[in-house]
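The next block holds one structure in the form of structure tokens; read it before the comments.
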Amino acid sequence: MRAVESRRTEPRDALFERIPVPWERTDESTGVDIDGERPAVICAPGTVEEAAAALRWADQAGLAVAPLGGGSRLDLGNRPRRLDLGLTTRGISRVLEYEPANLTVTVETGSSLAHLQAVLGEHGQFLPLDLPHADRTTIGGMLAANASGPSRLGYGSARDLVVGMTVILADGRITRSGGKVVKNVAGYDLNKLYIGSLGTLGVIAEATFKVTPRPARAETVIARFADAAAAGAVVQRILHSSLAPVAVELLDAEGSRAVATASGVDLPAVEEREVLLAVLAAGPEGAVKRQVRDLLDSVRQGDGACDRATDGDGATGRWGGLWNAIRELTGASDSALRLKIAVPIARVPDVFAALARVPPLPLGEGRGEGRPRVVAHAGSGIVYASWAADGDGANPAPDPKSAICNLQSAIPVAPSQAPAAAIGVCTTLVADLRRLVRGAGSVVVERAPLALKGQLDVWGYDGDALAVMRRIKQHFDPNATLNPGRFVDGI
Amino acid sequence: MADTSERTLAADAMAVLPHVPQPLTERRELARHLAGIVGESNVLWEDYDLMLYEYDGSIDRSLPDAVVFPTSAEQVVGLVRHCAREHIPFTARGAGTGLSGGCIPVEGGILITFAKLNRTLEIDPEDLRAVVEPGVVNLHLTNAVAHLGLQFVPDPSSQKACTIGGNVGENSGGPHTLLYGVTTNHVLGLEVVLPDGETIHTGGKALDTPGYDLTGLLVGSEGTFGVVTNAIVRLTPVAEAVRTVLGVFENVADASAACSGIIAAGIVPAALEMMDQLSLQAIEDYVHAGYPRDAGAVLLIEVESLAEAMDELAAAITDVCNAHHAREVRIARSAKERNLLWAGRKGAFGAVGRITPDFYVMDGCVPRNRLPEVLAKIEAVSQRCGLRICNVFHAGDGNLHPLILFDSEVPGQEDLVREAGAEILRICTEAGGSLTGEHGVGVEKKELMGLMFSESDLDVMRRVKRVFDPDNIANPGKIFPTPGRCVKPRPGRHAAVGW
Ligand SMILES: Cc1cc2nc3c(=O)[nH]c(=O)nc-3n(C[C@H](O)[C@@H](O)[C@H](O)COP(=O)(O)OP(=O)(O)OC[C@H]3O[C@@H](n4cnc5c(N)ncnc54)[C@H](O)[C@@H]3O)c2cc1C
Ligand SMILES: Cc1cc2nc3c(=O)[nH]c(=O)nc-3n(C[C@H](O)[C@H](O)[C@H](O)COP(=O)(O)OP(=O)(O)OC[C@H]3O[C@@H](n4cnc5c(N)ncnc54)[C@H](O)[C@@H]3O)c2cc1C
């Protein structure tokens, strides 16, 4: 409390001198930028206890803190209401406990996903959360953003894979939820609350996951259909069969073009209105052969053309590149506008149809044709539509040395430069899509120019539980220290 | 834990003080109010009737002041509003098969029973979802979608009786949740009446609803956040082929090692159950499942996948069992043989019930590779307290169900059982495990929460409880240790009792 009072009398800069952990001042070149706001300093604790001390200090000093992971998803959410400190987890990144026989692993959340996968890979296991750029994505950011990839169909998402967590609350208390065993119902399942909370309830410091043995074999089947409805019928057949594929993805023409370019895989040419289906089958040898055969049968019965299957390992090498390109497109960081549309499974084709009717967005000169690239986790009812910010949608190469600190350079269009006309068209588009899914799903604006963020509600939550969510935030973070303003309803 | 003072403390910790119901005249008055909401025929309040609702599948009991059977969500709102206004506690009850006292009204008040709120509101095969009221019996839902080739995956062994509301309350598991996940993985949305009478809707048929994952938070909250009035659940296609293998071992250590070996070989069976000698004998006497009576332990292993994978998987499992000195590996050759093997497992509790006047089901969970050591320690507890303990459990996920055999007519045995139970759970938590894998904390284990969670951890949970239920009227007296009891060592007691 003393600190809060002193904040009023002494300049913020003098306060920083008392940060109890290593920290550095930021400037233009550091580049950490959250929707145009820059934290004045970045704290870099080396242990969970240090992170807790930093957070406690900030909370008492009345400063706003943004937890920072790999920095690949800092644009998610509303503009920050306040921002003073960044708290990077990069120094908290060890794999703490790994018992292959138990299929569980406990890891500090500053670890990159790639690092964790490498450790698990030594024992033929993996964490089935297949995000792109696993080298830049931290475990903490992944959980805070509830990020997932195509294989969530087969393996579930973070909520299905996390069994325990250590979380630092805003007041600096280090608390545990869940446990370290795969089955546990002792007390409330707070893990669920932290996953997807975007760092607004606490800093996730450690997580224990269920991991999975690597399947013996994986194959990819792809096919082209006249339209999303035809593909949707085949998706239905697949989902109702006992084939249980790991991933079922649909791409529209722009989407498959982008994926072909990025991966170098020679995909069938997909014309306007047509869609591409990509299915990943994995499991024991015999089962996968049979899956591929049945999948191809389903495709033919559903009038799919240009069907083909890999012969060999369909999840690494060239085909691995295909899947990576699909994943990347769902989180395309080269986009001026990216939407995530979640609907009941059978309505995915409706969303494709609606997106096909959207007029080209006036994104400004040299910014592509204004057509969305659409990719869907069709088996999970999740559709991503992104509008490229520059000509061909190529990703700018990130500077690996400053993975945390070069976010702005990864965004080719300065967010504030969106032309006014585009703002109006985009808000209308989002409103139209929300009308389409009302009561049945959601449309989240995952990435948008700043000017647009000011004009619409990026989360679009239209349910009746806001009061409960607000009270949760109030009980966890009464001073609104953590990522204030970024979450649903400005939480 | 040889110190007797600690033992007494543990027994003390697990005992419950039953609620003394209000006098008849006051209950009659309450019942009149409630009848105005749900109709006279849907209210019970006389002594004789209430006694049927003082217990569940555990060993604790406490009487409610009234039992009501709402037939609509609106009636539930009316009931909860009444409770909020009058500060009356309410407790939701499904089938009452719970094994931790979750639906026992320890502070009295109104027991809201869901036997009549049991319609399946929608089956939506295209989206692989169903919308059900909480009173729907678990197996009835699976039966209702079987013709579509679909199922509701969580399959507690009580599935013929237990309700979806109860499954949601406890986040229940079952033999086949090893591969497919427990209730929380299959519940995607809820309609909940909060303790102030407001109704909220969480999640939905679509995934990833923006905002905090309240659905995930509510599942397993044991009715302490409010009352669920309907649930959107996931439906899953039934696997095309299944193969059931019985591995017979000389002792539990070999069986445990084989269990870890199967997982280590990269196989995730749909089910992987263990039964030890005492339970095998009880089961054989009752069910005649064809289990060897003289074996030290058997593993019942089931794999589900495509037909083409069956031989490969069965061969791999057989190899692992043999590598761990299996005496015999038997593969069910027909549906009949398979059903018989499962009849043994599913009838285990009933079978054990025949060899003892009473038994007490524990539910600890440990890391799979600690099973041999933990089972040995449980055996030592049995020796020490002179009570037989048998083990029938979900070995694949390390979820132990030691059954402690006793006779409640023998003075002092119930206390002894509680002591032994507490000690077993302490062994589980010391092995890095959990107090409860699937049965919930309820009243039974609330004083033991300190074994797993620090005061800070519990404080966070209390904050969440306050978010939903600031007046503490939703199923009060559950989950949290009684302040000042057990978690802190008492003056004069052994200092090591700091759990
Ligand atoms: C090219 C590209 C493609 C992508 N594609 C996908 C995709 O397909 N699907 C998908 O889901 N995601 C995708 N992503 C996002 C990325 O993979 C992230 O999912 C990940 O969530 C962000 O991790 P991060 O470590 O970079 O987090 P950051 O960006 O650093 O942080 C994300 C948010 O989480 C908070 N946070 C970070 N660490 C913690 C912590 N320890 N505790 C609490 N809060 C914390 C931050 O404050 C911030 O609000 C993509 C990213 C890129 C660059
Ligand atoms: C023989 C036997 C075998 C069993 N096998 C298993 C097993 O394999 N796996 C397993 O996990 N469990 C098992 N159980 C335990 C028990 O069956 C499960 O916990 C079951 O889910 C309880 O369902 P119920 O309808 O009986 O709920 P109840 O016992 O009536 O209630 C359980 C909890 O849920 C709450 N609740 C009920 N309905 C609602 C509602 N509508 N809204 C909010 N809260 C509600 C109650 O308040 C209580 O806290 C077994 C029990 C028995 C007797």
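Looking across the range A:462-474, the residues that are over 12 Å from A:Thr200 (Cβ atoms) and part of a helix (DSSP H, G or I) come down to A:Leu466, A:Ala467, A:Val468, A:Arg471. Within the range A:330-357, residues that are within 12 Å of chain B (Cβ to nearest Cβ) have Cβ atoms under 8 Å from residues that are polar (S, T, N, Q) and assigned to a loop (DSSP other than H, G, I, E, B) in these pairs: A:Ala342/B:Thr209; A:Ile345/A:Ser380, counting only partners at least 6 apart in sequence or on another chain. Among the conditions (1) within 13 Å of chain A (Cβ to nearest Cβ); (2) surrounded by fewer than 22 Cβ atoms within 10 Å (Cβ to Cβ); (3) more than 16 Å from B:Glu273 (Cα to Cα), B:Leu179 misses just one, which is (3).
Against the condition over 18 Å from B:Asn118 (Cα atoms) and over 19 Å from the mean Cα position of the chain (by Cα), how does B:Leu190 come out, does it pass? Don't jump to the end; show me each part of the working.
On the way: over 18 Å from B:Asn118 (Cα atoms): no; over 19 Å from the mean Cα position of the chain (by Cα): yes.
Against the criterion (over 18 Å from B:Asn118 (Cα atoms) and over 19 Å from the mean Cα position of the chain (by Cα)), B:Leu190 does not qualify.
Table: residues versus (1) outside any strand (DSSP E or B); (2) within 14 Å of chain A (Cβ to nearest Cβ); (3) farther than 30 Å from B:Arg129 by Cβ.
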position: B:Arg243; (1), (2), (3): no, yes, no
position: B:Ala257; (1), (2), (3): yes, yes, yes
position: B:Ser260; (1), (2), (3): yes, yes, yes
position: B:Met274; (1), (2), (3): no, no, yes
position: B:Met310; (1), (2), (3): yes, yes, no
position: B:Thr318; (1), (2), (3): yes, no, yes
position: B:Asn322; (1), (2), (3): yes, no, yes
position: B:Arg330; (1), (2), (3): no, no, yes
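If you go through the range A:120-134 one residue at a time, do you hit one that is under 17 Å from A:Val162 (Cα atoms), surrounded by fewer than 19 Cβ atoms within 10 Å (Cβ to Cβ) and away from chain B (no Cβ under 12 Å)? The answer is no, given that none of the residues of the range A:120-134 is under 17 Å from A:Val162 (Cα atoms), surrounded by fewer than 19 Cβ atoms within 10 Å (Cβ to Cβ) and away from chain B (no Cβ under 12 Å). Across the range A:180-207, which residue is surrounded by the most Cβ atoms within 10 Å (Cβ to Cβ) among those that are within 7 Å of chain B (Cβ to nearest Cβ) and away from ligand 2 (no atom under 16 Å from the Cβ)? Within the range A:180-207, the match that is surrounded by the most Cβ atoms within 10 Å (Cβ to Cβ) is A:Ser197. Of everything in the range B:442-470 that is acidic (Asp, Glu) and more than 21 Å from B:Val106 (Cβ to Cβ), the residue that is least open to solvent (accessible area, probe 1.4 Å) is B:Asp457. In the range B:220-241, of all residues being buried (at least 22 other Cβ atoms within 10 Å of the Cβ) and at the interface with chain A (Cβ under 7 Å from one of its Cβ atoms), the one that is farthest from B:Phe468 (Cα to Cα) corresponds to B:Gly220. I'm checking my understanding of the structure. Among residues of the range B:89-126 that are over 21 Å from the mean Cα position of the chain (by Cα) and open to solvent by less than 30 Å² (accessible area, probe 1.4 Å), which one is nearest to B:Ser158 (Cα to Cα)? Per the criteria, the residue is B:Leu117.
Are there any strands (runs of 3 or more DSSP E) wholly within the range A:210-324 with 1 or more residues that are within 29 Å of B:Thr177 (Cα to Cα), and if so which? Can you show your working first?
On the way: elements: A:217-225, A:247-252, A:275-283, A:305-309.
Hits in the range A:210-324: A:217-225, A:247-252, A:275-283.
Note down all Cβ pairs under 7 Å where the first residue falls in the range A:148-168 and is on the phi > 0 side of the Ramachandran plot, the second is within 16 Å of ligand 2 (Cβ to nearest atom) and among the polar types (S, T, N, Q), and they're at least six residues apart or on different chains. Here the result reads A:Gly156/B:Asn185, each pair linking the range A:148-168 to a residue that is within 16 Å of ligand 2 (Cβ to nearest atom) and among the polar types (S, T, N, Q).
Take A:Ala118 and decide whether it is at pLDDT 95 or above, away from ligand 1 (no atom under 13 Å from the Cβ) and closer than 30 Å to B:Ala257 by Cβ.
Values: at pLDDT 95 or above: yes; away from ligand 1 (no atom under 13 Å from the Cβ): yes; closer than 30 Å to B:Ala257 by Cβ: yes.
Yes; evaluated as a whole, the condition is true for this residue.
So, in the range A:439-475, how many residues would count as being more than 7 Å from every other protein chain (Cβ to nearest Cβ) and closer than 22 Å to A:Leu74 by Cβ? Steps first, please.
Start the filter on the range A:439-475 by keeping residues that are more than 7 Å from every other protein chain (Cβ to nearest Cβ), which leaves A:439, A:443, A:445-458, A:462, A:466-467, A:470, A:473-474.
Restricting the remaining residues to those that are closer than 22 Å to A:Leu74 by Cβ gives A:443, A:445-458, A:473.
Qualifying residue count for the region: 16.
Restricting the range B:134-165 to residues that are surrounded by fewer than 24 Cβ atoms within 10 Å (Cβ to Cβ), within 12 Å of ligand 2 (Cβ to nearest atom) and touching a residue at least 60 places away in the same chain (Cβ under 8 Å), the residue that is farthest from B:Thr71 (Cα to Cα) is B:Ser157.
When we screen B:Asp196, B:Asp208 for residues that are at pLDDT 95 or above and either part of a helix (DSSP H, G or I) or within 16 Å of ligand 1 (Cβ to nearest atom) (or both), the only hit is B:Asp208.
Can you say whether A:Arg434 is within 25 Å of A:Ser148 (Cβ to Cβ) and surrounded by 16 or more Cβ atoms within 10 Å (Cβ to Cβ), as far as the supplied structure shows? Criteria met by A:Arg434.
The values are calculated or read from the model by the stated rules, or taken from the named source; none is laboratory data. All values reported here derive from a predicted model rather than from experimental measurement. Backbone-built Cβ (ideal geometry, glycine too); neighbour counts: all protein chains shown. The accessibility values were calculated without ligands, DNA or RNA, using every heavy atom of the protein model including side chains. Shrake-Rupley method; radii C 1.70, N 1.55, O 1.52, S 1.80 Å.
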